[in-house]
1. Go through the stretch 102-126 residue by residue and tally those that are surrounded by 21 or more Cβ atoms within 10 Å (Cβ to Cβ), in a loop (DSSP other than H, G, I, E, B) and not aliphatic (A, V, I, L, M).
2. Is the stretch 56-65 home to any residue that is part of a helix (DSSP H, G or I), modelled with pLDDT under 95 and outside the structural domain of V205 (by TED's automatic domain parsing)?
3. Applying the selection to the stretch 275-298, what residues are assigned to a helix (DSSP H, G or I), modelled with pLDDT of 95 or more and under 22 Å from the mean Cα position of the chain (by Cα)?
4. Restricted to the stretch 84-122, and to residues that are of a type in the set (S, T, N, Q) and within 10 Å of the chain's Cα centre (by Cα), which residue is nearest to D214 (Cα to Cα)?
5. Exactly one condition in (1) outside any strand (DSSP E or B); (2) under 21 Å from Y84 (Cβ atoms) is not met by F50; state its number.
6. Quick check on my filter: what residues within the stretch 215-239 are under 17 Å from E285 (Cβ atoms) and either touching a strand residue (DSSP E or B) at 6+ places or on another chain (Cβ under 9 Å) or not β-branched (V, I, T) (or both)?
7. Take the stretch 93-136 and flag every residue that is touching a strand residue (DSSP E or B) at 6+ places or on another chain (Cβ under 8 Å) and on the phi > 0 side of the Ramachandran plot.
8. Can you find, within the stretch 201-219, the residue that is nearest to the chain's Cα centre (by Cα) among those that are assigned to a loop (DSSP other than H, G, I, E, B) and within 17 Å of L157 (Cβ to Cβ)?
Amino acid sequence: MRPSIGNPESAPHLRPSILDTLVFQLLISTCRWQTRFGVRQWWNRANAAFVKRRRTVSVTIHGRKVWAAFGNPYPITTRLYPTYNGPLLELVHEVYLSKQRPIRLVDVGASIGDTVLFVNSNCPCMISEFVCVDGDPGFFDYLNHNLAFLPNVRPILAQLSRSAGFNSSLVRINPGAASAVGTTKVKTAPLDEMLSSHSVGPIDVLKIDVDGFDGEVLSGAGETLKKDRPCIIFEWHPIWCRNTGNGWHEAFKSVIAVGYSRFVWFDKFGNFSHFMLHYDFATIEALAQYCLRDLSADWHYDVIALHDTCSLDFQALGMLRFSRNRTSGW
């Protein structure tokens with residue numbers, strides 16, 4: 001049963017603005033023209049002006065009409081970079097083939113539900129349950145509305161950390177993402193505790209994208225990782241690790257401690273980068289400094305971590321053969 005919290009139908013302020021929707025759809029349709037005929041200047045100005053209005057828009061994501069905040073970068077990013085999120089799709093497909101049954105996916109940092117829409121569009125019948133976790137009430141409202149048509153979605157409003165207690169509140173860093181850099185303190189819980197309290201069964205794939213807090217989330221998931229040994233994909237973002245006061249080695253230390261030693265790295269556009277077959281402190285430090293040298297590039301990676309007992313062919317994951325041939329469903 002879906003929780004009663006976050007019902008957009010009872011919140012008129014979340015209903016889409018017709019004007020903002022039309023402008024956002026125009027910006028999406030012209031996003032590939034930004035380098036032509038001086039389009040970039042007016043495109044950026046229009047986007048910035050309407051983002052400040054903070055209105056809801058109706059937009060198509062993977063074949064579904066959904067609600068989002070004006071300026072949410074996902075519809076534009078995925079049109080400009082078709083390989084975006086391909087590693088997650090590849091991982092889901094390979095785990096499904098290995099298990100020979102529908103799998104359970106836990107999506108930490110689920111935002112407006114775009115990951116679920118992406119996987120559901122391209123991997124129908126491969127997921128037994130999507131467990132969608134987000135700590136931003138506004139995103140959670142959108143998520144509930146956007147995924148209401150799917151019976152196998154369990155939304156959970158929670159902000160995660162390494163242990164139960166209080167941490168910095170979430171602040172929107174763009175219309176589609178939030179990071180724990182707020183000045184107020186909010187209640188947090190470790191992933192182990194959250195999964196147990198909601199009676200979530202064994203998980204097969206764990207996806208984490210929480211803008212600098214991925215290591216913290218993994219630090220609070222030790223018992224789950226020992227017990228279920230899920231395949232993990234997390235965002236490794238040194239810029240936001242620094243902004244949130246977290247270490248960029250933390251994610252690797254947390255999974256190494258419970259038997260994960262194979263890592264497949266992809267750049268921020270979803271292209272294969274390299275393999276790492278053990279915890280290499282020097283290499284991770286060098287990559288972090290590379291990311292920090294040009295903050296405007298927002299350079300970061302997605303990393304797949306496999307347990308030592310996992311039978312997946314990690315080299316095949318890097319080839320992205322399945323995801324390369326899938327359409328985004330626009």
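The values are calculated or read from the model by the stated rules, or taken from the named source; none is laboratory data. Computed from a predicted structure; not experimentally measured. Using ideal geometry, Cβ is built from the backbone for each residue, glycine included, and neighbour counts are taken over all protein chains shown.
1. 3
2. Step one: filter the stretch 56-65 for residues part of a helix (DSSP H, G or I), giving none.
Looking for residues that are part of a helix (DSSP H, G or I), modelled with pLDDT under 95 and outside the structural domain of V205 (by TED's automatic domain parsing), one finds none in the stretch 56-65, hence no.
3. Those that are assigned to a helix (DSSP H, G or I), modelled with pLDDT of 95 or more and under 22 Å from the mean Cα position of the chain (by Cα): I284, L287, A288, C291, L292.
4. Let us first name the residues in the stretch 84-122 that are of a type in the set (S, T, N, Q), namely 85, 98, 100, 111, 115, 120-122.
With within 10 Å of the chain's Cα centre (by Cα) added as a condition, the list becomes 85, 111, 115.
Values: N85: 17, S111: 15, T115: 16 Å.
Selected residue: S111.
5. (2)
6. From the stretch 215-239, those under 17 Å from E285 (Cβ atoms) are 215, 236-239; that's our starting set.
If the condition is that a residue be under 17 Å from E285 (Cβ atoms) and either touching a strand residue (DSSP E or B) at 6+ places or on another chain (Cβ under 9 Å) or not β-branched (V, I, T) (or both), then G215, W236, H237, P238 are the ones that fit.
7. The answer is G109, S111, G113.
8. Ranking the candidates gives D209 first.
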